[in-house]
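Take a look at the structure set out below.
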Amino acid sequence: MLMYIGRRLSLALLTCVAISILTFIIIRLPPGDFVDAYIANLAASGGTVTAEQAQSMRHEYGLDRPVYIQYALWISRVVQGDFGVSMMWRRPVTEVIGDRLWLTMVVSFAALFLTWTIALPIGIYSAVRQYSIGDYIATMLGFIGLAVPNFLLALILMYFGFRYLGLSVGGLFSAEYAQAPWGWDKVWDLAKHVPLPAAVLALAGSAHQIRIMRANLLDELRKPYVITARAKGIPELRVIMKYPVRAALNPFASSIAYVFPYLVSGSIIVSLVLGLPTVGPLLLQALVAQDMFLAGTIVLLLGIMTVVGTLISDLLLMWIEPRLRLTGRS
Amino acid sequence: MVDPMNHPIVSVRDLAVEFRQHTGTVRALEAVSLDLHPGRVLGIVGESGCGKSVTARAMLRILDRNGSIVAGKVTLDPGTSHEQDLTALAPEGSEIRSVRGGRIGLIFQEPMAALSMQYTVGNQLMEAIRVHRDPGKEKARERAIALLNEVGIPRPETRVDAYPFQLSGGLRQRVGIALALAAEPDVLIADEPTTALDVTTQAQILALLRRLQRDKQIALMLITHDMGVIAQMADDVAVMYLGRVIEFAPVRELFRAPRHPYTKALLRSVPDLDAKPRQRLATIGGAVPQPGARPSGCPFHPRCPDAMPGRCDTKAPAPVAPGAAGAACFLVEDAAA
Amino acid sequence: MSGSLADDKLASAGQLRLTWLRFKRHKLAFISLFIVALFYSVAIFADFLAINDPHAVDARRGYLPPQAIHFFDDSGFNPHVNGMKGQRDMKTFKQVYVPDPNKKLPVTLFAHGYRYELFGLFSTDIHLIGLSTPQTLDGIYLLGTDALGRDLFSRILVATRISLSIGLVSVGLSLVLGILLGGISGLYGGLVDLFVQRVIEVIRSIPTIPLWMGLAAALPNTWSVIQVYFAITIIISLIGWTELARVVRGRFLALREEDFVIAAELVGASQLRIMLRHMLPSFTSHVIAAVSLALPAMIISETSLSFLGLGLRPPAISWGILLQDAQNVQVLAGAPWLLLAAVPVVVVILAFNFLGDGLRDAADPYG
């Protein structure tokens, strides 16, 4: 068990390092360096920087050193919580991001929760009542969920909300709470706004999970232990819920590790369409303006939060799967 | 002592089962009649696919979704005031459920696959105990430990909290037996209980089954394809071929004087210690036909060395009458006439 | 040796043929195959099928609603569309154009329109349908026009070319990466396998869209459409190869234990030869199935990136670029037909999914 946890932890750490390298590459990719961009930015607003000033800035940020040292310098600052300054906003990156990162996670977790609550019962029903009308409907809906990209779904919902209900579907807060300080009523306001974007995000994932659950459960239902359970004289519903469903839950739970990054990804693009104050719109702005410290930080933090989410799902799996817990193998 | 032959605890009469498949319906059982008696072991023998397991499942009404009983009766306690036709009970009702486990216990072939890997041995045992007569959690646990002890599992008080994947194959099968005994049924159906085990373990498990069956005066239906197991365990034997019982006889009689050509062939194909060196093992010519392509007439006639053209391939011989030794074969009918 | 080669070919052909026979039983997948083929034919003949120049801008006909072809009028069969007339909006005093029911413009087959090059070879101006006499302002706008007065129908058709080919090219690249790395991983096992598996796990646990966005945004503004096109395919396939590698590796691991591979090893065939000659043919069907399941993801990726304005840039036309126009609710409320660009996206993704499912079942009836 300790070995399993150790392996998962080291993999998570490895992933974080890989993400940080990719982030660094993204930051470094645009032509010119940070100082060039800073000078150009300053020049646009009428300021000037002398050649010596530029040189000393380059030295200060280590831009005159080899790339790997630059990476080391950057990552050591990041570890201390210093993500640099946003060029666009002229404020520390952490300040610009503010609540947005947490709101991204709130939306993604809500979507994850919804994915489960939708996919689990429908998947079970589809498998137990294979080839019933309900199964066909679920399969059909599942395919539609797979085929409609979530930003498209968001667009369609927006259009219908606007056209037929006359309301603007979108945002995470009502107007009066958008700038308000945090309080219980603001949290409640948030809670009222989260379900829609979460549902938009959850649809495709649910479609996928329903298929996984259905396929796994169909496999499990054919296994002899189900007959053993029936032969004990247990009521059918309990036979199914306690044995095959429980066994089919494991691959289902481990697939969360893939669903969660996907949801975080989706939240970026859905946020843009629905105007959610998550990191999505900010990331796009930052990328378009080549505000690379801001963009890089967002990519890095999203990546790390995903890794943490995945790690949690791995540990959850270990907790529910006795064989994994006891032998470290599944 | 009453003559057990006259008082079966379960009697199966003319049981027929069909499975729906893409290609059409397939008859898996045809006019199967059997009697199980308290304290006696009925061996059911035949090649794989002959309907042995289907018979067991049909009796408990746990056929797969596409299978259904189309004719016949399975009567529990026939001739008593509380006799019950199991085929007439509601498919998922409480009556049939109280029979499953409560009156008829089932032991499976694959001890690995027949136990859930998600729950401890104790959990699965206690469930089987509590579903019929719930003595409360504490008592159920004590009973589970006692059961494990009874089936010969060492250190039962720690093993009760083990998961099946932590046990060896032999121990798992003992757990399987304990599971079947949990609610103290008076009938046990053991479906190839030793096939998946190595030879030493096989012998131990058979000895255990024999002991339990004798001690508790259980009616045991032992399904196997192994003539050796039959010789060692059974009191009476039913030989099945392609969904039919083609011969029934007390075990000694069957081995001494088999009636049906198929039984004779089966017995010839058993390795013999007294055989001469390099003597070839006898085989039965041909293969078991596909279930969909059932031969007309006597199902065995395409492989039968003594088949009578024009007779065996047109008409099926009368099924074996329950309770009395006999075979479903025209040769036997002719000899008797 | 030549005999064994012939046998080998026969065996692999047999495998493919068996797969095909099983596949044909899958009705939905079979229909999807035709839909996919139809889409690719549209992509090839997009210019011929298009009615108006997809790039032609005329603000006067901005946001025209979809227009129907009328096949009959009082004089009988006479396919025509209505022209437009200028009108002054009495509230804003702007000149607006509305359909004029009195102005009939006859429609014919094989009409002359804008010039294009068929297959990039023959310069022609023949289109499947068009007005019998080309007009400057009037035209056939089956699905309406966008803000700049460009014909949505023609644009959707032409967009098929980029959106479908970008999927194919990306899958091709992913496949090369997937077969190479998956194959190496499966063939050599051990440390190499461990390393490749870790890399795959790492890539799969990174949220892809932010990463794509970062990489795509870093493409210089000065790049040409072609350069951006290939850069995008590379970005998409860099992340998309993992699933294909997983499939390939799984098959390799299974095949490594097969007798014919062991036999080839025993007669001293080289690793590369075993891989190409013996193993590759026997999982072609699996790879085809994996590819057809990977394609929709690639298409969605391109559409999403372009939709965000980080993928292909105008004047390139892809479904994502068309949908970018539909991003604003206010615009959508006035011109809902802009959402029609989503229909081919959904249809082709559905078709690829059904196709992939059917192929997978056919390739591996037990798995």
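Key figures for this structure:
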| item | result |
| --- | --- |
| Extreme residue, most open to solvent (accessible area, probe 1.4 Å), among residues of segment A:161-176 that are within 26 Å of residue A:264 (Cα to Cα) and more than 10 Å from chain C (Cβ to nearest Cβ) | A:175 |
| Helices (runs of 4 or more DSSP H) (entirely within segment B:40-155) containing at least 3 residues that are within 14 Å of another protein chain (Cβ to nearest Cβ) and surrounded by 19 or more Cβ atoms within 10 Å (Cβ to Cβ) | B:52-60, B:94-99, B:121-130, B:137-150 |
| Residue match in segment C:138-149 (condition: without any contact (Cβ under 8 Å) to a residue 60 or more places away in the chain and not assigned by TED's automatic domain parsing to the domain that holds residue C:348) | yes |
| Residues satisfying the stated conditions in segment C:65-95, i.e. surrounded by 12 or more Cβ atoms within 10 Å (Cβ to Cβ) and in contact with a helix residue (DSSP H, G or I) (Cβ under 9 Å, 6 or more places away or on another chain) | C:65, C:66, C:84 |
| Residue among C:56, C:46 that is modelled with pLDDT under 85, under 18 Å from residue C:127 (Cβ atoms) and surrounded by 14 or more Cβ atoms within 10 Å (Cβ to Cβ) | C:56 |
| Top-ranked residue of segment A:290-315 - restricted to ones that are open to solvent by 10 Å² or more (accessible area, probe 1.4 Å) and more than 18 Å from residue A:13 (Cα to Cα), ranked as farthest from the other protein chains (Cβ to nearest Cβ) | A:293 |
| From the options B:28, B:16, residue that is in contact with a helix residue (DSSP H, G or I) (Cβ under 7 Å, 6 or more places away or on another chain), more than 14 Å from chain A (Cβ to nearest Cβ) and within 28 Å of residue A:222 (Cβ to Cβ) | B:28 |
| Failed criterion for residue A:110 (all others in (1) open to solvent by less than 50 Å² (accessible area, probe 1.4 Å); (2) within 15 Å of residue A:298 (Cβ to Cβ); (3) of a type in the set (A, V, I, L, M, F, W, C) hold) | (2) |
| Every residue from segment B:324-337 that is in a loop (DSSP other than H, G, I, E, B) and open to solvent by less than 40 Å² (accessible area, probe 1.4 Å) | B:328, B:329 |
| Segment C:311-341, residues that are facing chain A (nearest Cβ under 8 Å) and open to solvent by less than 10 Å² (accessible area, probe 1.4 Å) | C:323, C:326, C:332 |
| So residue A:5, is it more than 14 Å from chain C (Cβ to nearest Cβ) and assigned to a helix (DSSP H, G or I) | yes |
| Flag for residue A:136 being assigned to a loop (DSSP other than H, G, I, E, B), more than 30 Å from residue C:334 (Cα to Cα), open to solvent by 70 Å² or more (accessible area, probe 1.4 Å) and out of contact with any Asp or Glu (no Cβ under 9 Å at 6 or more places or on another chain) | no |
| Residue that is polar (S, T, N, Q), in contact with a Gly (Cβ under 7 Å, 6 or more places away or on another chain), within 11 Å of chain A (Cβ to nearest Cβ) and buried (at least 20 other Cβ atoms within 10 Å of the Cβ), where the choices are C:304, C:292 | C:304 |
| Number of positions in segment C:190-230 that are in a helix (DSSP H, G or I), more than 11 Å from every other protein chain (Cβ to nearest Cβ) and under 22 Å from the mean Cα position of the chain (by Cα) | 6 |
| Cβ pairs under 9 Å, 6+ apart, first in segment A:182-196 and over 14 Å from residue A:114 (Cα atoms), second in a helix (DSSP H, G or I) and open to solvent by less than 50 Å² (accessible area, probe 1.4 Å) | A:190/A:103 |
| Any hit, segment A:181-189, residues being aliphatic (A, V, I, L, M) and either at the interface with chain C (Cβ under 10 Å from one of its Cβ atoms) or closer than 18 Å to residue A:275 by Cβ (or both) | no |
| Qualifying residue in segment C:118-126 (condition: in contact (Cβ under 8 Å) with a residue 12 or more places away in the chain and surrounded by fewer than 13 Cβ atoms within 10 Å (Cβ to Cβ)) | yes |
| Residues within segment B:156-169 that are in contact with a helix residue (DSSP H, G or I) (Cβ under 7 Å, 6 or more places away or on another chain), assigned to a loop (DSSP other than H, G, I, E, B) and away from chain A (no Cβ under 13 Å), tallied | 1 |
| Unique residue being within 19 Å of residue A:300 (Cβ to Cβ), in contact with a strand residue (DSSP E or B) (Cβ under 7 Å, 6 or more places away or on another chain) and surrounded by fewer than 21 Cβ atoms within 10 Å (Cβ to Cβ) when the list is A:93, A:85, A:78 | A:85 |
| Pick from segment A:273-286, criterion in contact (Cβ under 8 Å) with a residue 24 or more places away in the chain and more than 9 Å from chain C (Cβ to nearest Cβ), ranking: surrounded by the most Cβ atoms within 10 Å (Cβ to Cβ) | A:278 |
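Results for (1) in contact (Cβ under 8 Å) with a residue 40 or more places away in the chain; (2) open to solvent by less than 20 Å² (accessible area, probe 1.4 Å); (3) under 30 Å from residue B:296 (Cβ atoms), shown as yes or no for each residue.
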position	(1), (2), (3)
B:189	yes, yes, no
B:196	yes, no, no
B:202	no, no, no
B:206	no, yes, no
B:211	no, no, no
B:232	no, no, no
B:245	yes, yes, yes
B:253	yes, no, no
B:263	yes, yes, yes
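Residue-by-condition table, conditions (1) modelled with pLDDT under 75; (2) more than 33 Å from the chain's Cα centre (by Cα); (3) outside any loop (DSSP other than H, G, I, E, B):
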residue	(1), (2), (3)
A:11	no, no, yes
A:15	no, no, yes
A:20	no, no, yes
A:23	no, no, yes
A:30	yes, no, no
A:35	yes, no, yes
A:38	yes, no, yes
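For (1) farther than 29 Å from residue B:129 by Cβ; (2) open to solvent by less than 30 Å² (accessible area, probe 1.4 Å), each residue gets a yes or a no:
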| position | (1), (2) |
| --- | --- |
| A:208 | yes, no |
| A:212 | yes, no |
| A:215 | yes, no |
| A:222 | no, no |
| A:238 | no, no |
| A:245 | no, yes |
| A:255 | yes, yes |
| A:288 | yes, no |
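The values are calculated or read from the model by the stated rules, or taken from the named source; none is laboratory data. Note that the coordinates shown come from a computational prediction; the quantities given were computed from them, not determined experimentally. Here the Cβ is made from the backbone with ideal geometry for all residues, glycine too, and neighbour counts use every protein chain on show. Quick note on the areas: whole protein, heavy atoms, side chains included, nothing else; ligands and nucleic acids left out. Shrake-Rupley method; radii C 1.70, N 1.55, O 1.52, S 1.80 Å.
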